[in-house]
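To start, the structure itself, in structure tokens.
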Amino acid sequence: MSEKLKTKTFVFFLIAPAFLVLIGVVIYPFIFNIIISLSNMSLSHIKDWHFVGLRQYVKVFTEESKPSFYDVFLKTIIWTVVNLFFHVVIGVFLALLLNQKEIRGKAIFRTILVLPWAVPQLIVALTWRGMFNYEYGSINLMLTQWFGLPAVQWLKSPVETFIAVIITNVWLGFPFMMIIALGALQSIPHELYEAADMDGASWFHKLKNITIPLIRPVMVPAITLGTIWTFNNLNIVWLVSNAGEPSDQTHLLVSFVYKAAFNFYRYGYGAALSMVIFFILLAFSLTFMRRTKATEAAY
Amino acid sequence: MKPITRRFGSINRSTFHIFLFSFVIAGAVFCGLSGCSPKTTEKIRITIWHQDRIDIRVVLEAQIKKFMALHPEVQVEQLFKETESLRSGFIIAAIAGQGPELVYGPADQVGPFQVMDIILPLDSLFDKSYLDQFDPKGLTYYKGHLYQIADKLGNHLTLVYNKKLVPKPPTTEKELIDIGKSLTRDLDGDGKPDMYGLAWNYTEPFFFIPFMTGFGGWIMDDNGNPTLNNRGTIDGLKFIKDLRDKYKIIPNESDYEIADILFKDGKVGMIINGDWSWSGYEKAGIDFGVAPLPKITTTGLWCGTMVSPKGFSINANVSEEKKKWSIELIKFLTSDENELEAARILHTMPTKKSVLASDFVMKNDIMRNSQIAIEHGRPMPVVPELRAIWDAMRPSYQAVLGGYKPAEQAAADMQNDALRKIREMNE
């Protein structure tokens, strides 16, 4: 056996187990999903399904439903942008605070701030749902008793419910960004700040010209991941709004897919909608990574 | 020693062999764990998927142990799954030729399972003398065949009342309002009630059904077509809204958990809840009674709840040998002795005629009133279209309670949405 062949055999044995798992859990389901999306698989055609071309995709964009695909898509974009904005701003802000030399007991603060991320989402969602109750929830009790403000119908009106689920998810999501940002901040050489101090740079200039450019290569992939996770976050919206309440006004695209596929057995339609979501996220990720030059080295 | 490659210069031949050996061992272990190895046990495994709460699980587990003691060659396992994940999980597993031998749940799951051809018709598997022992409500037929045998009847709603606050339960909606008004109190003088007369999960349309039937409505005709745009729906919606906004005897906002906690804390005198909740109130130390939901005086109709048996269906993929034991297990779990035991511990309504006629069911106050509530109720349809009807009702129902849709418009929208969703489901 030649040296080259031996190398290839060895490499093959190294990657074969992982590749087999990849085929089983990613590639096969993905291809099967594409096939279903081109079929009429549903409650009455679960075993005798056949290909119907792009009919399910056309339905996704043209079907009359309440709310429509476009309403839900717009809501999903608002949900993602608002959540990501607060996740990053709060996360980076707290990371900057925790990165200060003067702060004592950093480990304790770090642990406390990571807690929202460590608690299971189911518990978080149901706890927040209770907290948003009109009469007995702690949010309204604080608003009325501490601040003298009127109580809010958090879970009865569409806008307020949407705000409630966003608040819950912001609380859940900032620790991830904080941990990532803190790791990036700690890797910045301190000499850069000392040199900037000698040049008389202000706090803002140091943030703009040293901190942000140097944490960017770490934050951009984290933001990309955060966007995909937030866009596809079913648990919080489903549990806090009790499956889209009130009146199906609190849906995201992913909960729309869930409902179509698992509540109404519309497997073909659900698969087509999930492919649309996939392409939206793929386009976003590629564009975002290219525009932010995330893969380029910082130094 | 000669290196294998230039790139992996530090890896010599023996290291490579060790790696290969480890890989083979790991593969063998993985294979063994996943069932590739020869069977080490001869026991026949029967699995039941169900969605029962913890106290029912305890009773079921004890009965399964008794069955296994009688049949040591059989290993029975029960697996809890939340209602929706049981339904979708069973569909996925059974379509792939897998899944548990027995699936247990409310009768409305029979419709989709039958349409997908993933459960067996039971008519020919059980003899007539055995089936004749059941109250007809305990046997779920669909499209002319038997698909489910129930051990519990009900899943129905009742008026549960705190005896300390409500000595005598209301029998009409007027009495309900009067008692509710007397119980709704502002104890601390802050202008907001601290106690209410009544609470229930009034965001969920299942709990709206008694009000709809009380005012003369029903969800579908005998052919499975929705009939939601009717006077019963409109008047039922207005009545609930009046309970909150006019008579102010129910909390401003109440889902299942809030209503349940308020009742357990003694902050509401009455709650509309099902047989599944009673043991929780017993454990919470509430001295409670159970009554059928009241009669609407203007129509003369009782607020009739949906009644659904809960029982066993057999997976279409089951082998002949396992089918035999699945049948035995169903017969054992629905035996008179086991049904009576469950009724005594859980206050669930049995399905065998002899147990229904037993002293315990006839004389126990909770069981007697539960039976009256069942008699006032209507069977839950088992057609798959029911899913579309619930989903069509929910948004408009919530919109009425949210104050942004009149009841008449809501009833019309429910009907149109139901028709559209049924069309989409059956496309």
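The values are calculated or read from the model by the stated rules, or taken from the named source; none is laboratory data. Bear in mind the structure is a predicted one, so any value in this text is a computation, not a measurement. No Cβ is skipped: glycine too gets one built from the backbone with ideal geometry, and neighbour counts run over all protein chains shown.
Just to check your reading of the model, which residue among B:K246, B:K241 is of a type in the set (D, E, K, R), on the phi < 0 side of the Ramachandran plot and touching a Gly at 6+ places or on another chain (Cβ under 9 Å)? Working first, answer last.
Details: B:K246 fails: touching a Gly at 6+ places or on another chain (Cβ under 9 Å).
That would be B:K241, the only listed residue that is of a type in the set (D, E, K, R), on the phi < 0 side of the Ramachandran plot and touching a Gly at 6+ places or on another chain (Cβ under 9 Å).
Any chance region A:236-243 includes a residue that's of a type in the set (A, V, I, L, M), part of a loop (DSSP other than H, G, I, E, B) and more than 26 Å from A:T292 (Cβ to Cβ)? So far as region A:236-243 goes, yes, one or more of its residues are of a type in the set (A, V, I, L, M), part of a loop (DSSP other than H, G, I, E, B) and more than 26 Å from A:T292 (Cβ to Cβ). Every condition in (1) on the phi < 0 side of the Ramachandran plot; (2) buried (at least 22 other Cβ atoms within 10 Å of the Cβ); (3) within 12 Å of chain B (Cβ to nearest Cβ) holds for A:A261 except the one numbered (2). Scanning region B:230-248 for residues that are more than 14 Å from every other protein chain (Cβ to nearest Cβ), not aromatic (F, W, Y) and not in a helix (DSSP H, G or I), which turns out nearest to B:P395 (Cα to Cα)? Ranking the candidates gives B:N230 first.
Note on region A:212-243: among residues that are out of contact with any helix residue (DSSP H, G or I) (no Cβ under 6 Å at 6 or more places or on another chain) and within 12 Å of another protein chain (Cβ to nearest Cβ), the one that is nearest to A:P67 (Cα to Cα) is A:A243. What residue, among those in region A:264-291 that are of a type in the set (K, R) and either more than 24 Å from B:R423 (Cβ to Cβ) or without any contact (Cβ under 8 Å) to a residue 24 or more places away in the chain (or both), is farthest from the other protein chains (Cβ to nearest Cβ)? The residue in question is A:R291. What are the residues in region A:68-80 that are within 14 Å of chain B (Cβ to nearest Cβ) and in a helix (DSSP H, G or I), if any? Result: A:F69, A:D71, A:V72.
Among the residues that make up region A:54-67, is at least one of them within 12 Å of another protein chain (Cβ to nearest Cβ), touching a His at 6+ places or on another chain (Cβ under 8 Å), surrounded by 11 or more Cβ atoms within 10 Å (Cβ to Cβ) and not aliphatic (A, V, I, L, M)? The answer is yes, given that some residue of region A:54-67 is within 12 Å of another protein chain (Cβ to nearest Cβ), touching a His at 6+ places or on another chain (Cβ under 8 Å), surrounded by 11 or more Cβ atoms within 10 Å (Cβ to Cβ) and not aliphatic (A, V, I, L, M).
Do the conditions hold for A:V124, that is, is it buried (at least 16 other Cβ atoms within 10 Å of the Cβ) and either more than 14 Å from chain B (Cβ to nearest Cβ) or within 17 Å of A:P175 (Cα to Cα) (or both)?
When the stated conditions are applied, A:V124 passes them.
How do the strands (runs of 3 or more DSSP E) wholly within region B:64-164 filter down when requiring 1 or more residues that are within 14 Å of chain A (Cβ to nearest Cβ), surrounded by fewer than 18 Cβ atoms within 10 Å (Cβ to Cβ) and touching a residue at least 12 places away in the same chain (Cβ under 8 Å): which remain?
Working: elements: B:74-80, B:102-106, B:139-142, B:145-152, B:157-162.
Output list is empty.
Might you check whether a residue that is touching a residue at least 12 places away in the same chain (Cβ under 8 Å), closer than 30 Å to A:W154 by Cα and within 14 Å of chain A (Cβ to nearest Cβ) occurs anywhere in region B:371-386? Within region B:371-386, one or more residues are touching a residue at least 12 places away in the same chain (Cβ under 8 Å), closer than 30 Å to A:W154 by Cα and within 14 Å of chain A (Cβ to nearest Cβ).
Taking the criterion of being in a loop (DSSP other than H, G, I, E, B) and surrounded by fewer than 16 Cβ atoms within 10 Å (Cβ to Cβ), the residues of region A:196-228 that qualify are A:D199, A:G200, A:S202.
Where in region B:274-388 are there helices (runs of 4 or more DSSP H), lying wholly inside it, with at least 1 residues that are surrounded by fewer than 19 Cβ atoms within 10 Å (Cβ to Cβ) and touching a strand residue (DSSP E or B) at 6+ places or on another chain (Cβ under 8 Å)? Before the answer, list the steps.
Details: elements: B:278-283, B:320-333, B:336-346, B:353-356, B:359-363, B:365-376.
Helices (runs of 4 or more DSSP H) meeting the threshold: B:278-283, B:320-333, B:336-346, B:353-356, B:365-376.
Pairing each residue of region A:51-76 that is farther than 18 Å from A:I36 by Cβ with any residue that is of a type in the set (A, V, I, L, M, F, W, C), provided the two are 6+ apart or on different chains, yields C-beta distances under 6 Å for A:F69/A:V60; A:V72/A:L253; A:V72/A:F256; A:T76/A:L252; A:T76/A:L253. Taking the criterion of being crowded, with 18+ Cβ neighbours inside 10 Å, assigned to a loop (DSSP other than H, G, I, E, B) and more than 10 Å from chain B (Cβ to nearest Cβ), the only residue of region A:144-164 that qualifies is A:V152.
How about region A:244-256: which of its residues are assigned to a helix (DSSP H, G or I) and either within 13 Å of chain B (Cβ to nearest Cβ) or of a type in the set (S, T, N, Q) (or both)?
Quick first cut of region A:244-256, residues assigned to a helix (DSSP H, G or I) only: A:253-256.
Across region A:244-256, the qualifying residues are A:S255, A:F256.
Hey, any hits in region A:129-139 for a residue that's more than 12 Å from chain B (Cβ to nearest Cβ), buried (at least 18 other Cβ atoms within 10 Å of the Cβ) and touching a His at 6+ places or on another chain (Cβ under 7 Å)? Within region A:129-139 (the criterion being more than 12 Å from chain B (Cβ to nearest Cβ), buried (at least 18 other Cβ atoms within 10 Å of the Cβ) and touching a His at 6+ places or on another chain (Cβ under 7 Å)), the answer is no, since none of the residues qualifies.
At negative phi and part of a loop (DSSP other than H, G, I, E, B), is that true of A:A184?
Working: at negative phi: yes; part of a loop (DSSP other than H, G, I, E, B): no.
The answer is no for A:A184.
What are the residues in region A:208-251 that are without any contact (Cβ under 8 Å) to a residue 12 or more places away in the chain and over 24 Å from A:W117 (Cβ atoms), if any? Within region A:208-251, A:K208 is the sole residue that qualifies. Restricting attention to region B:175-205, the residues being modelled with pLDDT under 95 and among the aromatic types (F, W, Y) number 1.
Taking the condition assigned to a helix (DSSP H, G or I), modelled with pLDDT under 95, facing another protein chain (nearest Cβ under 10 Å) and over 30 Å from A:G183 (Cα atoms), does A:K47 pass?
Numbers: assigned to a helix (DSSP H, G or I): no; modelled with pLDDT under 95: yes; facing another protein chain (nearest Cβ under 10 Å): yes; over 30 Å from A:G183 (Cα atoms): yes.
Considered against the rule, which asks whether it is assigned to a helix (DSSP H, G or I), modelled with pLDDT under 95, facing another protein chain (nearest Cβ under 10 Å) and over 30 Å from A:G183 (Cα atoms), A:K47 comes out as no.
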